[in-house]
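**Q** Before we start, here is the structure in question, set down as structure tokens.
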Amino acid sequence: MEIVILVAAMIVVGLLMGWVAGFIWKGKRPIGVQGDYLAAVITAVVVGLIDWFVIPAMGFSDSLRNLGVALEPALGALFVLWIIRVAKK
């Protein structure tokens, strides 16, 4: 059950980062609005799941896992959207 909640939360984070990207890079959407949202959602879900499973396997605490799941998907989504913009120039 917690995986379903995690994936749902990461989808929301991805949608928010796709929306925030429009404010950060005004008028620069090389793959369109839907493409930004899709890239941000996929990145957030993948990074969130990796953090959820890999951080405890490395021996770190649950609090560090929760911190990673809270911060890294959002930053990862923005990073991927930035890379897309740089690559499309």
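**Q** Between 9, 21, which is buried (at least 16 other Cβ atoms within 10 Å of the Cβ) and touching a Leu at 6+ places or on another chain (Cβ under 7 Å)?
**A** The conditions single out 21.
**Q** So which residues in the range 43-61 are in a helix (DSSP H, G or I), of a type outside the set (Asp, Glu) and without any contact (Cβ under 8 Å) to a residue 40 or more places away in the chain, if there are any at all?
**A** Result: 43, 44, 45, 46, 47, 50, 53, 54, 55, 56, 57.
**Q** Can you find, within the range 62-81, the residue that is surrounded by the most Cβ atoms within 10 Å (Cβ to Cβ) among those that are of a type in the set (A, V, I, L, M, F, W, C), within 13 Å of residue 18 (Cβ to Cβ) and within 8 Å of the chain's Cα centre (by Cα)?
**A** 77
**Q** Separate question: Search the range 20-42 for residues being assigned to a helix (DSSP H, G or I) and among the small types (Gly, Ala, Ser), and hand back the single one that is nearest to the chain's Cα centre (by Cα).
**A** This residue is 40.
Quick grid of which residues meet (1) at pLDDT 90 or above; (2) under 14 Å from residue 83 (Cβ atoms); (3) crowded, with 18+ Cβ neighbours inside 10 Å:
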| position | (1), (2), (3) |
| --- | --- |
| 26 | no, no, no |
| 32 | no, no, no |
| 35 | yes, yes, no |
| 39 | yes, yes, yes |
| 43 | yes, yes, yes |
| 46 | yes, no, no |
| 50 | yes, no, no |
| 60 | no, no, no |
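**Q** Only residues that are free of Cβ contacts under 8 Å to residues at least 12 places away in the same chain and β-branched (Val, Ile, Thr): list them for the range 62-89, please.
**A** Across the range 62-89, the qualifying residues are 83, 86.
The values are calculated or read from the model by the stated rules, or taken from the named source; none is laboratory data. All values reported here derive from a predicted model rather than from experimental measurement. Cβ: placed from backbone, ideal geometry, glycine included. Neighbour counts: every protein chain shown.
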